[in-house]
Amino acid sequence: MSRGQRPLLPPDEVERLKQITKSETGTLKLRAQAILLWQEGQSAAETAKRTKLTENQVRYLWRIYKLKGLDLFLIDPDPAHVSDTPPAEVEPAPPAEAPGTVSLEDLYSAHKIDLAHAQHIQETALKIFDATVNVHRLPESARQLVEATALLHDIAADIDPTNHHLKGRDMILAQPIRGFSEDEQRIIACATAFHRKKVKPEADPVFAALPEDLRREALALAAILRTANGLDGSQTKSTLITNIEASTEDILVVVDGPHAAADAANAQKLADLWLKVFAVPIRFTYNQPVNVELPDRILPEPSPTLSRTVTVVKAGRAFALRTLERIDALLKYIQSNDLTVLPSLARETERLLEATTLADVPDFKKEIAWLHDIIDNARLTAVFIERLSAATEDSDYLRKLAEPQLEARRAELTAALKQLDMRRYRTLVTDLRLVLLEDIDPNEKARLSFNLGNLLWQQLSSLRTVMEFSTSVSEALEAARGLQDHLIAFREMLGGESAQVLDMLTPLESYLANIYLAQQMLTRLEPVPVKKGRKTVTPEMDAASQAMHNAQAELINMLASGLPAAWNAVNGALFRRAFALAIAAA
């Protein structure tokens, strides 16, 4: 996957930057060149190489541009730099060191930090950060915050082992850290506070002091650090990431080492915050001994290869066949008792329903709905078990109270998976494949290239209508996924901007999916009415269920606060421009 993809800058801003590179010299020209390279998705290293700046100078410049925008170029250039001064000497210099400031090195040297562990976490966190840029969508400058947070997250471990995450937060804020703004320092402090134990951002005073637009960045960095730290739960620094397969739907992190199994399980437990922030499932698995046969971990790409002359129905059938391949691969995990793929499998079966509409094979919808309902019920039950366990883990009383319900739900999950009749599934797949591979009706002349624009604009129009006039999260999610599936199905026919469009659409789909999932959890928590004589009585919710209910309600509120920004990104001019350019290439 490509690194460093970022949202497009407004066209007028890009044009102004290009003018500056032509009309100015010295500092201003270098600044404009560096920002344009950032806009193109170049890394700090690549930008430094092309501008003769250092990587630190580039990262600093990007951070300042985020705050000031084009105001950065209102500063008069230093006359000393306008002449033929070598570019390497022309830099947006960091502010002079103020009295009372401290460096990162000063901080971790002054305290008994396990530097080897901190550097191991730093390396792990950066691998996750780099491999998931299209999921977390953080700017390249956030990489420096990941580095700093990883080094400082255990700064108070020797002072207050039990609450070192909170003590560390306060120590990080005790004095200014050189090279970081006040808000960046707060982000580092928040990520430190959230790297362990249960995360309650709304109750954290430092998080509350952050501007609204930086809160997601703080949670995103915390989610990355939290999973990276989980991968060294054994404190042996022996568990290493060997591979990361990342997409907008699913992330698989493969680790190896003598303690890989335990560390992967620990990281999975600490991925709770990840799901709340990114809404894209992340799974941790470990390399099994060579004598254990595992299913292939690599899924086929979701987008089929299409010719320029393909018809709409033929393209739909290619998409349905590719989706079937992905379902087959995911079912191998289920047969190996790996239930972490249930969210991805449920999404693919839902996608297959959409594909059959495009493929014009409506006779199979009933059987595909049967498959989807089984998988989705199992997914929801597994999520319920996970969230009830998380909501009660800090209290012995609540854990004991929840155990009977957890046992019942585990039995329900086992029963749900037993309903997956593989013989019936194989019959469905065989029959569906035969139909999908049949010759198309010779009268079918609806070329995809002629109809693609209308198909996609209709999907976008449906999404806008639902988002503006409906209060149903499920309807909005269905519309967002409909557009997403059409973009994925026909991606081969679209321009390169389709990747940008999908990147901007994914956060909206993710927010909606997780809000709807939390709503489904609340529905499952509702007590079942019982008959008492002639009356029907609804029992009161027990304390364990109430704890989970409160957690889900808080999650919905947190996600709902970020939903408008995700929708504005899709409903804005930048998205429409990229969308139109992608279609124009068809």
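The values are calculated or read from the model by the stated rules, or taken from the named source; none is laboratory data. Everything numeric here is computed off the predicted structure, so don't read it as measured data. Using ideal geometry, Cβ is built from the backbone for each residue, glycine included, and neighbour counts are taken over all protein chains shown.
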key: Residues satisfying the stated conditions in the range 191-226, i.e. touching a Ser or Thr at 6+ places or on another chain (Cβ under 9 Å) and either surrounded by fewer than 23 Cβ atoms within 10 Å (Cβ to Cβ) or under 21 Å from THR392 (Cα atoms) (or both)   = HIS195, GLU212, ARG215
message = When you check LEU353 against the structure, is it assigned to a helix (DSSP H, G or I), aliphatic (A, V, I, L, M) and surrounded by fewer than 21 Cβ atoms within 10 Å (Cβ to Cβ), yes or no?
response = yes
query = For the subset of the range 270-294 comprising residues that are part of a loop (DSSP other than H, G, I, E, B) and at pLDDT 80 or above, which member is surrounded by the fewest Cβ atoms within 10 Å (Cβ to Cβ)?
reply = PRO281
query = Would you call VAL528 crowded, with 20+ Cβ neighbours inside 10 Å and outside the structural domain of ARG347 (by TED's automatic domain parsing)?
reply = no
request  = Determine whether the range 124-136 contains at least one residue that is part of a loop (DSSP other than H, G, I, E, B) and under 25 Å from THR242 (Cα atoms).
outcome  = yes
task = Scan the range 32-42 residue by residue and report those that are assigned to a loop (DSSP other than H, G, I, E, B) and surrounded by fewer than 18 Cβ atoms within 10 Å (Cβ to Cβ).
result = GLU40, GLY41
ask   = Is there any pair with a first residue in the range 222-244 that is on the phi < 0 side of the Ramachandran plot and at pLDDT 90 or above and a second that is assigned to a loop (DSSP other than H, G, I, E, B) and acidic (Asp, Glu) whose Cβ atoms are under 7 Å apart and which are 6 or more apart or on different chains, and what are they?
value = THR239/ASP232
query = Given the structure, is SER303 in a loop (DSSP other than H, G, I, E, B) and crowded, with 17+ Cβ neighbours inside 10 Å?
reply = yes
request  = Kindly indicate whether any position in the range 247-262 is crowded, with 23+ Cβ neighbours inside 10 Å and among the polar types (S, T, N, Q).
outcome  = no
task = Exactly one condition in (1) within 30 Å of ALA543 (Cβ to Cβ); (2) assigned to a helix (DSSP H, G or I) is not met by ASP394; state its number.
result = (2)
ask   = Does LEU483 qualify as being surrounded by fewer than 22 Cβ atoms within 10 Å (Cβ to Cβ), of a type outside the set (D, E, K, R) and touching a Ser or Thr at 6+ places or on another chain (Cβ under 9 Å)?
value = no
query = Going by the structure shown, is VAL199 within 23 Å of the chain's Cα centre (by Cα), more than 23 Å from TRP62 (Cα to Cα), hydrophobic (A, V, I, L, M, F, W, C) and not in a helix (DSSP H, G or I)?
reply = yes
query = Does any residue in the range 337-362 that is more than 18 Å from ALA513 (Cα to Cα) come within less than 6 Å, Cβ to Cβ, of a residue that is of a type in the set (Val, Ile, Thr) and assigned to a helix (DSSP H, G or I) six or more places away or on a different chain, and which pairs are these?
reply = ALA355/THR323; ASP360/VAL313; VAL361/VAL435
task = Go through the residues of the range 400-410 one by one and say whether even a single one is surrounded by 15 or more Cβ atoms within 10 Å (Cβ to Cβ), assigned by TED's automatic domain parsing to the domain that holds PHE319, under 27 Å from GLU367 (Cα atoms) and touching a helix residue (DSSP H, G or I) at 6+ places or on another chain (Cβ under 7 Å).
result = yes
